[in-house]
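The values are calculated or read from the model by the stated rules, or taken from the named source; none is laboratory data. Computed from a prediction, not measured in an experiment: that's the story for all the values here. In this analysis, Cβ positions are derived from the backbone assuming ideal geometry, glycine residues included, and neighbour counts consider all displayed protein chains. Please note that ligands, DNA and RNA were not included when accessible areas were found on the heavy atoms of the full protein model with its side chains. Shrake-Rupley method; radii C 1.70, N 1.55, O 1.52, S 1.80 Å.
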Amino acid sequence: MINKIGRIILGIVIICGLAVGIYYILPGQYKNPLTAKLQESMDGTNYNALIGTIKATTIPKNKGITYDAAMTKATQDAAWTYKKISVDDAGNGTYDVYCDGYKYTMTFESDDNDDSMITRTNAHIRLVFHVKKDGSTITVDSKEAVKGEKCTASELIVDEDSYKPGNKDNTYFQKGLNALASAAK
C-alpha cells in the first residue's frame with residue numbers, strides 16, 4: 001500500500017517538474033499569453049486595475065487609438081503582463097507593465113538618410129510602462145494614466161533595439177508608435 005502511494009506521489013512530482021520545465025523553455029510567443037492568464041487568474045483585481053487602465057489609454061499623436069487595439073490588430077499573440085518591483089500587501093507600489101506582440105512588420109523613415117526606410121519583418125514588439133499604483137490612482141512615469149486619455153509608454157523595444165521618449169531616438173519612438181497605431185485604423 002505504501003509502495004503504491006509512493007509511486008503516485010513520485011509520478012505527480014515528475015509531472016509537475018516536467019510542466020514547470022516546459023513552461024520555462026517555451027519561447028515568449030507562447031509563454032507570455034500563458035503568463036498573462038496566470039496573472040489574471042491569481043491576482044485578478046490588481047491585474048485588471050493595472051493592465052485594464054494601461055490598455056485603455058491612447059497612443060500620443062494618434063487620436064482615439066488605444067494601446068490594446070494597436071497591439072491586438074498589429075501583432076499576433078499580444079499579451080499584457082506585469083512585474084512587481086516594490087509592492088506592499090495592499091498591491092500599492094511600483095510595477096513594470098509589458099505588452100508583447102509578435103510577427104509584426106514595421107516600416108518607417110530613417111533619420112540618417114532621406115531616401116532610406118527602416119523595415120522590421122516578423123518583429124517582436126514590446127511596450128514597457130513604468131507604473132506606480134497608489135490606491136486607485138495609476139501613474140506612468142509620474143503622469144496619471146486615465147482610460148481614454150493619452151499616455152506615453154516608457155519604452156518601445158523592437159527586436160533588439162530600444163527606443164525611449166525624450167532621448168535622441170525620440171523620433172524613432174514616436175514613429176514606431178505611429179506605425180503600430182496605423183495598423184489599428
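Scanning the range 1-60 for residues that are of a type in the set (Val, Ile, Thr) and open to solvent by less than 60 Å² (accessible area, probe 1.4 Å) returns THR35, ILE51, THR53, ILE54, THR57, THR58, ILE59.
ASP89 meets all of the listed conditions (1) in contact (Cβ under 8 Å) with a residue 12 or more places away in the chain; (2) closer than 16 Å to LEU50 by Cα but one, namely (1). Taken over the range 61-79, the criterion of being at pLDDT below 90 and in a loop (DSSP other than H, G, I, E, B) is satisfied by LYS61, ASN62, LYS63, GLY64, THR75. List pairs: first in the range 118-129 and touching a residue at least 40 places away in the same chain (Cβ under 8 Å) and under 13 Å from ASN32 (Cβ atoms), second open to solvent by 50 Å² or more (accessible area, probe 1.4 Å) and not aliphatic (A, V, I, L, M), Cβ under 8 Å, 6+ apart or cross-chain? Correct list of pairs: HIS124/ASP159. Annotation note: Cβ proximity below 9 Å between a residue of the range 133-159 that is without any contact (Cβ under 8 Å) to a residue 12 or more places away in the chain and a residue that is in a loop (DSSP other than H, G, I, E, B) and of a type in the set (Val, Ile, Thr) (sequence gap 6+ or interchain) occurs for LYS143/THR152.
I'd like to know if the range 62-72 contains one or more residues that are in contact (Cβ under 8 Å) with a residue 24 or more places away in the chain, open to solvent by 20 Å² or more (accessible area, probe 1.4 Å), within 16 Å of the chain's Cα centre (by Cα) and at positive phi. Checked against the condition, which is being in contact (Cβ under 8 Å) with a residue 24 or more places away in the chain, open to solvent by 20 Å² or more (accessible area, probe 1.4 Å), within 16 Å of the chain's Cα centre (by Cα) and at positive phi, the range 62-72 yields no hits at all.
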